[in-house]
1. So which residues in the range 99-116 are closer than 22 Å to residue 37 by Cβ and not in a helix (DSSP H, G or I)?
2. Check residue 60 against each of (1) touching a strand residue (DSSP E or B) at 6+ places or on another chain (Cβ under 6 Å); (2) buried (at least 19 other Cβ atoms within 10 Å of the Cβ); (3) touching a residue at least 40 places away in the same chain (Cβ under 8 Å) and name the one condition it does not meet.
3. Tell me, please, whether a residue that is closer than 11 Å to residue 105 by Cβ and touching a helix residue (DSSP H, G or I) at 6+ places or on another chain (Cβ under 8 Å) can be found in the range 72-84.
4. Can you find a residue in the range 58-81 that is modelled with pLDDT of 80 or more and among the charged types (D, E, K, R)?
5. Any idea which of 80, 101 is surrounded by fewer than 16 Cβ atoms within 10 Å (Cβ to Cβ) and either basic (Lys, Arg) or without any contact (Cβ under 8 Å) to a residue 12 or more places away in the chain (or both)?
6. May I ask you to verify whether residue 96 is touching a helix residue (DSSP H, G or I) at 6+ places or on another chain (Cβ under 6 Å) and farther than 19 Å from residue 34 by Cβ?
Amino acid sequence: MERRTIGRLGRALLGLAVVGALLLGAAVPVAAHQHFSENGQAGDGQVLANGQNHPRFLPNGDGTFSSCVSYGPIPGNTIGPAWYGIETAHHGPDSGDPGKGDGCYTADGSPALGQDDQNPAIR
């Protein structure tokens, strides 16, 4: 049986590819967007909570993602008092410590990649 080695350059390239993929996966923020209620008729529906948004989502390392007030806003957006309720309505119950008291909302998967629950009436 023939044994092949990658060599120093091959290992370096493989390592860079893996590190790049990990950085990209960790850095993918939830796209900044206003949340809309779905209109039963034609049209976009209504902007919820006057366009307030949630704090950025960051991975927890266990497959869940948390949006915490301490993480700060997604650049160009405003965090308002309605953020927790909007995320609960959009993605379902808080999978972390339930309630807004801890300042965080935890999703079961990446909301940016559609891995968490999605309420079809809110987009």
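1. 105, 107, 111, 112, 114, 116
2. Only one criterion is unmet by residue 60, namely (2).
3. Yes: the range 72-84 contains one or more residues that are closer than 11 Å to residue 105 by Cβ and touching a helix residue (DSSP H, G or I) at 6+ places or on another chain (Cβ under 8 Å).
4. So far as the range 58-81 goes, yes, one or more of its residues are modelled with pLDDT of 80 or more and among the charged types (D, E, K, R).
5. Criteria check complete, one pass: 101.
6. no
The values are calculated or read from the model by the stated rules, or taken from the named source; none is laboratory data. As the structure is a computational prediction, the values presented were derived from the model and not from experiment. Positions of Cβ are generated from backbone atoms using ideal geometry, with glycine treated the same way; all protein chains shown enter the neighbour counts.
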